[in-house]
């Protein structure tokens, strides 16, 4: 990761991280310890310390929950900077009232509670890890921060409400508050859509994708950490919201090719037409419907491969000096090695 924040900025600074056992949070916690921060992490279950990549002996554990204002008040006491990473991250979960309520309770109301506690405790800085889902689908172009369409999912609506509260507290209190909207995050240890795509290509059941000219933005987890540290330290970030990507949008065909390249396989010289893939996906979804599965999972996955989800992160580059180090082509060999190693460990267990 590029060192773009002075090593002295976080030295001995009391910092609270929520979500420190997650894919992004545990790397942020490790980076903060490397920079000498006095780190406190919020944990619902302190007994799960074995999931972290930092030394638990160097970190203060604050037992608490986003649903418990009293625990958040204790966690924020004496803290200078809060990184709010925790959340209900199942953006692709079924769109049911129960799931929507969970998104709101954790991602929106939980953030409201945290911001109230931070304000009351005199916290000086708060960086909120949001998502590109906090805005609506930009369609077939790359959207910058001026794209302000309303989000169209329960996850996105909860994240957007949280963003608005974060900035409102900043305006009212003078707290340095920042929202970051990363695109799909990849890197060692990742799960969800990109990991499933890699597995599908590796196992050989995904046919060669056509080149449709679509573009999808991604970002490496290490570059998300870089953006988080910059957002807390750079004065120009106060009151701002930024998209965060690796600066290189990909087509579905390119994703397929790069995965095969990392696997040591040649690029295919043919492709299945988009119309044929679309028809096959609809047929598969109909068959799933007949056996009681109501989600359009196959069509949704195909849309993620051949549809647009492109975001322009030049603003954080220009204003904060963000310098993405990784792109998918460089990162995939390491990601694949870890996936293969983990699969071998699971089989051995």
Exercise for the section: Please tell me if residue 228 is farther than 15 Å from residue 127 by Cα and in contact (Cβ under 8 Å) with a residue 40 or more places away in the chain. Expected result: no
Problem - Condition met for residue 336 (touching a residue at least 12 places away in the same chain (Cβ under 8 Å), outside any strand (DSSP E or B), surrounded by 20 or more Cβ atoms within 10 Å (Cβ to Cβ) and in contact with a helix residue (DSSP H, G or I) (Cβ under 6 Å, 6 or more places away or on another chain)) - result: no
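For every residue, the table says whether it meets (1) touching a residue at least 12 places away in the same chain (Cβ under 8 Å); (2) farther than 30 Å from residue 146 by Cβ.
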residue	(1), (2)
248	yes, no
252	yes, no
260	yes, yes
287	no, yes
329	yes, no
Fill in the blank from the handout: Considering residues that are at pLDDT below 95, out of contact with any strand residue (DSSP E or B) (no Cβ under 9 Å at 6 or more places or on another chain) and surrounded by 16 or more Cβ atoms within 10 Å (Cβ to Cβ), the number found within the range 32-73 is 1
Practice task
All but one of (1) under 24 Å from residue 235 (Cα atoms); (2) part of a loop (DSSP other than H, G, I, E, B) hold for residue 138, so report the exception by its number.
Solution key: (1)
Practice task
Examine the range 16-24 for a residue that is buried (at least 19 other Cβ atoms within 10 Å of the Cβ), assigned to a helix (DSSP H, G or I), modelled with pLDDT of 95 or more and touching a strand residue (DSSP E or B) at 6+ places or on another chain (Cβ under 7 Å), and state whether such a residue exists.
Solution key: no
Fill in the blank from the handout: Counting only residues in the range 124-152 that are out of contact with any helix residue (DSSP H, G or I) (no Cβ under 6 Å at 6 or more places or on another chain) and crowded, with 20+ Cβ neighbours inside 10 Å, the one nearest to residue 313 (Cα to Cα) is identified as 143
Practice task
Only one of these is closer than 19 Å to residue 244 by Cβ, at pLDDT 95 or above, in contact with a strand residue (DSSP E or B) (Cβ under 8 Å, 6 or more places away or on another chain) and assigned to a strand (DSSP E or B): 166, 178. Name it.
Solution key: 178
Exercise for the section: Taking only the range 267-285 into account, find how many residues are without any contact (Cβ under 8 Å) to a residue 24 or more places away in the chain and out of contact with any helix residue (DSSP H, G or I) (no Cβ under 7 Å at 6 or more places or on another chain). Expected result: 6
Fill in the blank from the handout: Considering residues that are part of a loop (DSSP other than H, G, I, E, B), farther than 21 Å from residue 232 by Cβ and out of contact with any helix residue (DSSP H, G or I) (no Cβ under 7 Å at 6 or more places or on another chain), the number found within the range 55-88 is 2
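Conditions (1) farther than 18 Å from residue 201 by Cβ; (2) under 23 Å from the mean Cα position of the chain (by Cα); (3) at pLDDT 90 or above, marked per residue:
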{"site": "272", "(1), (2), (3)": "no, no, yes"}
{"site": "303", "(1), (2), (3)": "no, yes, no"}
{"site": "314", "(1), (2), (3)": "yes, yes, yes"}
{"site": "319", "(1), (2), (3)": "yes, yes, yes"}
{"site": "339", "(1), (2), (3)": "no, yes, no"}
{"site": "349", "(1), (2), (3)": "yes, no, no"}
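The values are calculated or read from the model by the stated rules, or taken from the named source; none is laboratory data. The shown structure was predicted, so the numbers you read here are calculated from the model rather than taken from an experiment. All Cβ positions, glycine included, derive from the backbone under ideal geometry; neighbour counts span all protein chains shown.
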